[in-house]
Amino acid sequence: MKNWIFTCLLILCMLYSCNRGGDNQGGNNGLQVGSEVSNVIDTHPLYHFRPSTGLMDTPTGLLYHDEEYHIFYQFSPKADGSDLRHWGHAVSKNLTHWEHLPVALAPDELGEIRSGSVVMDYNNTSGFADGDKSAMIAYYTYYNKSAAAAGQKDSQSQGMAYSTDNGRTWTKYQQNPVFSEGGLKDPKILWYAPSKNWVMLLSAEDRVKIYTSSDLKTWAFASEFGADQGSHAGDGIWGKADLFYLPYEGVANKGGKWVLLSNIEKGKDVRGSATQYFFGEFDGKTFTNSNPKEMVMWLDFGLDYSGAQSWSGAKIGDSRRIVSAWMSNSMYAAKTPTKDWRGMLALPRTLRLIKEKDYSRLDIQVSKEIRSLNYEAKTLVPMNLKGDKDISGEFSFNPKASVILLDFTPNDGKRPVVGIEYSNAKGEKVVIDYDFSNGTYAIDRQASGQVDFAKGFAGKNSISTGNARAKSTRLFVFADVSSMEVFTERNNLALSNLVYPTQPYDKVKVFSKGGASNLQVRAMGVRGIWK
């Protein structure tokens with residue numbers, strides 16, 4: 001039995017690999033995240049974080065401090081991403097409503113500002129704060145385009161900046177760069193309490209290198225991980241690592257696991273960028289994978305979820321590990337059919353570590369704060385569904401910004417294909433389904449609207465669980481104007497895809513094809529988060 005369960009888990013994780021297709025002061029340069037400008041076609045999401053103008057790339061620093069959630073992110077003032085990268089900045093009291101602040105860090109003579117992380121130096125180990133104050137520390141990768149064009153190995157280096165006013169103004173470290181070793185990027189900083197020192201993860205081509213420090217300035221190499229582990233699809237390049245500890249949920253005094261996130265960049269076998277994760281042990285210097293090295297686990301099985309990072313810091317009494325990610329793909333991020341802005345974040349998700357009999361798994365749920373945006377919740381009368389049924393008239397809210405929960409149970413001995421379709425009067429549609437005959441979930445956006453702006457956008461992506469014996473399935477769909485986030489398999493699987501209809505989806509149809517199913521539907525509207 002133990003071997004069968006482990007084999008199923010291994011198949012689930014590995015099948016996806018086949019199926020998925022400037023001065024020295026930052027923030028004082030006068031560059032602002034501009035006011036919103038309407039698009040020709042309004043694809044602004046209503047309840048997902050996005051820039052007002054310009055291009056948003058991956059999150060580079062997620063931090064909770066002094067009753068504020070901070071998002072720092074790679075930002076280009078031009079929506080096509082053709083100019084130098086800065087760091088954008090926004091804050092929130094509740095993880096839902098956000099206030100854009102001036103750009104935090106701007107390019108300088110060392111290069112543009114690329115991905116990194118932000119932490120609070122509560123013990124003032126760096127010495128950047130005065131008295132009993134604490135400094136907010138940002139680590140980031142400098143990228144020198146001229147040096148890169150000339151083929152120089154030192155085109156990338158690591159820089160540091162600090163803030164003593166909750167991130168409103170920043171001072172770059174006078175001795176930047178801190179690291180100048182070639183091939184390193186995307187510094188992720190964390191505090192390791194047992195040894196009372198700092199740990200830095202740096203992505204290095206096909207692996208992660210780990211360094212330690214007592215003062216955030218001088219670093220010593222400790223170990224590396226990943227050259228022969230997990231997925232190295234496509235170009236095989238890793239980036240934007242993260243590392244954190246999760247206790248087992250609901251299992252008192254039974255320990256937990258360290259979780260290491262690593263992102264695949266331009267991996268053709270997974271159709272672009274994506275986020276994988278590993279369970280293991282960490283002693284402050286070395287990460288050891290608990291699973292077989294060939295095992296691949298994805299944080300999301302859709303086409304538009306990568307660069308995932310977790311929030312450092314937490315409210316007192318709140319031990320959750322919350323992550324967010326860039327909801328786009330390196331294949332087409334600068335080509336999406338929006339006019340004055342591009343890029344958004346997936347909804348914040350809470351990760352929990354679940355102990356099954358013979359293996360561990362992640363429980364992935366949209367964070368509870370999003371519930372505050374829900375309104376007019378309605379549960380439909382249970383129905384016996386065979387074929388399809390339009391349920392649009394059952395709701396007073398527009399499906400373009402909604403949450404719909406569906407529970408399907410076949411009831412006539414057959415193994416149907418069940419799911420939900422969002423569409424508009426132009427016939428544009430996105431279909432989310434589950435095939436009971438082979439245990440496959442899929443999102444089909446071939447006819448979803450604007451799909452020909454980039455090769456690789458149109459299509460259907462799927463994940464096979466290898467289980468053709470399921471008695472029921474649940475689909476939890478978070479729809480926004482230009483995105484779909486789907487959660488299923490006991491919150492073990494998520495699929496996130498962008499869509500660009502030329503007019504909003506205002507029709508919803510449920511279906512059970514090839515057999516009948518009992519269906520329970522619960523739905524609600526979602527309020528916008530922007531003033």
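The requirement of being under 25 Å from the mean Cα position of the chain (by Cα) and more than 21 Å from Y122 (Cα to Cα) is satisfied by G234. When Y73 is tested against the conditions (1) at pLDDT below 50; (2) crowded, with 22+ Cβ neighbours inside 10 Å; (3) within 30 Å of A233 (Cβ to Cβ), the lone failure is (1).
Of the listed requirements (1) on the phi < 0 side of the Ramachandran plot; (2) outside any loop (DSSP other than H, G, I, E, B), G514 misses just one: (1). Scanning segment 463-470 turns up no residue that is part of a strand (DSSP E or B), modelled with pLDDT of 95 or more and touching a Ser or Thr at 6+ places or on another chain (Cβ under 7 Å).
Select from segment 347-374 the residues that are over 23 Å from the mean Cα position of the chain (by Cα) and assigned to a loop (DSSP other than H, G, I, E, B) and write down the one among them that is surrounded by the fewest Cβ atoms within 10 Å (Cβ to Cβ).
Out of the qualifying residues, it is K357.
Filtering segment 437-490 to residues that are of a type in the set (D, E, K, R), touching an Asp or Glu at 6+ places or on another chain (Cβ under 8 Å) and on the phi > 0 side of the Ramachandran plot leaves only R490. Contact map, segment 310-339: residues that are on the phi > 0 side of the Ramachandran plot paired with residues that are surrounded by fewer than 22 Cβ atoms within 10 Å (Cβ to Cβ) and of a type in the set (F, W, Y), Cβ distance under 9 Å, separation 6+ or inter-chain. Pairs shown: G313/Y64.
Residues that are part of a strand (DSSP E or B), polar (S, T, N, Q) and more than 24 Å from E428 (Cβ to Cβ) within segment 471-487 comprise just one, T473. Restricting attention to segment 119-142, the residues that are in contact with a Ser or Thr (Cβ under 7 Å, 6 or more places away or on another chain) and closer than 17 Å to E68 by Cβ total 8. Against the criterion of being farther than 20 Å from S310 by Cβ and either in contact with a Lys or Arg (Cβ under 9 Å, 6 or more places away or on another chain) or aromatic (F, W, Y) (or both), A135 does not qualify. Taken residue by residue, segment 168-175 has at least one member that is among the aromatic types (F, W, Y), buried (at least 18 other Cβ atoms within 10 Å of the Cβ) and modelled with pLDDT of 95 or more. Checked against the criterion of being more than 26 Å from the chain's Cα centre (by Cα) and within 30 Å of L347 (Cα to Cα), the candidates Y122, Y140 yield just one match: Y122.
Scanning segment 275-305 for residues that are in contact with a Pro (Cβ under 9 Å, 6 or more places away or on another chain) and at pLDDT below 95 yields no hits at all. Hey, any hits in segment 514-523 for a residue that's buried (at least 18 other Cβ atoms within 10 Å of the Cβ) and within 26 Å of the chain's Cα centre (by Cα)? Looking for residues that are buried (at least 18 other Cβ atoms within 10 Å of the Cβ) and within 26 Å of the chain's Cα centre (by Cα), one finds at least one in segment 514-523, hence yes.
This table checks each residue for (1) in a strand (DSSP E or B); (2) of a type outside the set (D, E, K, R); (3) touching a helix residue (DSSP H, G or I) at 6+ places or on another chain (Cβ under 6 Å); (4) closer than 22 Å to S203 by Cα.
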{"site": "A90", "(1), (2), (3), (4)": "yes, yes, no, no"}
{"site": "G116", "(1), (2), (3), (4)": "yes, yes, no, yes"}
{"site": "V119", "(1), (2), (3), (4)": "yes, yes, no, yes"}
{"site": "N123", "(1), (2), (3), (4)": "no, yes, no, no"}
{"site": "M136", "(1), (2), (3), (4)": "yes, yes, no, no"}
{"site": "Y140", "(1), (2), (3), (4)": "yes, yes, no, yes"}
{"site": "S146", "(1), (2), (3), (4)": "no, yes, no, yes"}
{"site": "G151", "(1), (2), (3), (4)": "no, yes, no, yes"}
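If you go through segment 375-388 and keep only what is surrounded by fewer than 16 Cβ atoms within 10 Å (Cβ to Cβ) and assigned to a strand (DSSP E or B), you end up with Y375, E376, A377, K378, T379, M383, N384, G387, D388. Could you please find all residues in segment 399-434 being in a strand (DSSP E or B), of a type outside the set (V, I, T) and under 20 Å from K513 (Cα atoms)? Answer for segment 399-434, where residues must be in a strand (DSSP E or B), of a type outside the set (V, I, T) and under 20 Å from K513 (Cα atoms): L405, L406, D407, F408, P410, G419, E421, Y422, S423, K429, D433, Y434. Filtered by the rule that a residue be among the hydrophobic types (A, V, I, L, M, F, W, C) and either assigned to a strand (DSSP E or B) or surrounded by fewer than 17 Cβ atoms within 10 Å (Cβ to Cβ) (or both), segment 92-103 gives L101, V103. For segment 235-250, filtering for residues that are surrounded by fewer than 18 Cβ atoms within 10 Å (Cβ to Cβ) and among the small types (G, A, S) leaves 2.
So, F487, is that one under 21 Å from Y47 (Cβ atoms), under 22 Å from the mean Cα position of the chain (by Cα) and surrounded by fewer than 20 Cβ atoms within 10 Å (Cβ to Cβ) or not?
No; evaluated as a whole, the condition is false for this residue.
Select from segment 441-469 the residues that are within 26 Å of S392 (Cα to Cα) and of a type in the set (V, I, T) and write down the one among them that is surrounded by the most Cβ atoms within 10 Å (Cβ to Cβ). Ranking the qualifying residues of segment 441-469, first place goes to I443.
The values are calculated or read from the model by the stated rules, or taken from the named source; none is laboratory data. All figures in this text were calculated on a predicted structure; none of them were measured in a lab. Using ideal geometry, Cβ is built from the backbone for each residue, glycine included, and neighbour counts are taken over all protein chains shown.
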